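Working notes, beginning with the structure itself.
The values are calculated or read from the model by the stated rules, or taken from the named source; none is laboratory data. Owing to the predicted nature of the structure, the values given are computational and were not obtained by experimental measurement. Ideal geometry is used to build each Cβ from the backbone, glycine not excepted, and the neighbour counts take in all protein chains shown.
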Amino acid sequence: MAILDLHLLGSPVLRQQSDPVAVVDAEVRRLIDDLFETMDAAKGVGLAANQVGVARRVAVVGVDDARLVMVNPVLRDAEGRDRAEEGCLSIPDAYGEVTRPERVVLEALDRDGKPYRLEAKGLLARAIQHEIDHLDGILILDRTERAQRKGALKALRRGESYSPPTGDED
Ligand SMILES: [Zn+2]
């Protein structure tokens, strides 16, 4: 296993539509193991393959005791609405409020290439959606409100951390 280098905002692979995996072979399993190790080292709750420069539809999620491998993940159902702050390992120190469905039904392949179906809610559902967004080249900056996005990008350029506006200022 190895801790891989994270690709940060500006790296073109983060904006790429990742390719489906044809076979979950030893190479894919090694990628999965490296994603978990890299995610844990960075204290993240999820990591997509293109965040380490590999444009394939592979991602991992680690929320509480859940350790999820997602190969070729698809959302079969989504319901409700939930708004919460999200960060991203590829956009260090930028956070923004993102509204997403509160419950999702996920279908994906596991580390052995076996299909599974999972119903998730709360932080797990949010992490799953965040990682699937990555595989489609979508970042939280695309899902936060305009004012927040501007603030986050300004802070990034200045090398500061960014907190979203509290709401009572224009
Ligand atoms: Zn992310």
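Filter the range 2-27 down to the residues that are aliphatic (A, V, I, L, M) and closer than 12 Å to GLY113 by Cα and list them by number.
Of everything in the range 2-27, those that are aliphatic (A, V, I, L, M) and closer than 12 Å to GLY113 by Cα turn out to be VAL21, ALA22, VAL23, VAL24, ALA26.
Out of the residues in the range 23-69 that are out of contact with any Lys or Arg (no Cβ under 8 Å at 6 or more places or on another chain), assigned to a strand (DSSP E or B) and hydrophobic (A, V, I, L, M, F, W, C), state the one that is surrounded by the fewest Cβ atoms within 10 Å (Cβ to Cβ).
Filtering the range 23-69 for residues that are out of contact with any Lys or Arg (no Cβ under 8 Å at 6 or more places or on another chain), assigned to a strand (DSSP E or B) and hydrophobic (A, V, I, L, M, F, W, C), the one surrounded by the fewest Cβ atoms within 10 Å (Cβ to Cβ) comes out as ALA66.
Hey, any hits in the range 62-81 for a residue that's within 12 Å of the chain's Cα centre (by Cα) and more than 19 Å from ASP110 (Cβ to Cβ)?
No, the conditions are met nowhere in the range 62-81.
Taking the conditions exactly as written (within 16 Å of LEU135 (Cα to Cα), touching a helix residue (DSSP H, G or I) at 6+ places or on another chain (Cβ under 8 Å) and either at pLDDT 95 or above or among the basic types (Lys, Arg) (or both)), does LEU75 satisfy them or not?
For LEU75, the condition - within 16 Å of LEU135 (Cα to Cα), touching a helix residue (DSSP H, G or I) at 6+ places or on another chain (Cβ under 8 Å) and either at pLDDT 95 or above or among the basic types (Lys, Arg) (or both) - is met.
Take ARG149 and tell me if it is away from the ligand (no atom under 16 Å from the Cβ) and surrounded by fewer than 22 Cβ atoms within 10 Å (Cβ to Cβ).
So ARG149 fails the test.
Okay, residues lined up against (1) out of contact with any Ser or Thr (no Cβ under 6 Å at 6 or more places or on another chain); (2) basic (Lys, Arg):
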site	(1), (2)
GLN17	yes, no
VAL23	yes, no
ILE32	yes, no
LEU35	yes, no
LYS43	yes, yes
GLY53	yes, no
ARG56	no, yes
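Yes or no: the range 124-134 includes at least one residue that is in contact with a Ser or Thr (Cβ under 9 Å, 6 or more places away or on another chain) and either assigned to a strand (DSSP E or B) or under 24 Å from ALA42 (Cα atoms) (or both).
Yes: the range 124-134 contains one or more residues that are in contact with a Ser or Thr (Cβ under 9 Å, 6 or more places away or on another chain) and either assigned to a strand (DSSP E or B) or under 24 Å from ALA42 (Cα atoms) (or both).
Yes/no per residue for (1) of a type outside the set (A, V, I, L, M, F, W, C); (2) in contact with a Pro (Cβ under 7 Å, 6 or more places away or on another chain); (3) modelled with pLDDT of 95 or more; (4) surrounded by 15 or more Cβ atoms within 10 Å (Cβ to Cβ):
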residue	(1), (2), (3), (4)
ALA94	no, no, no, yes
ALA108	no, yes, yes, yes
LYS114	yes, no, yes, no
GLU131	yes, no, yes, yes
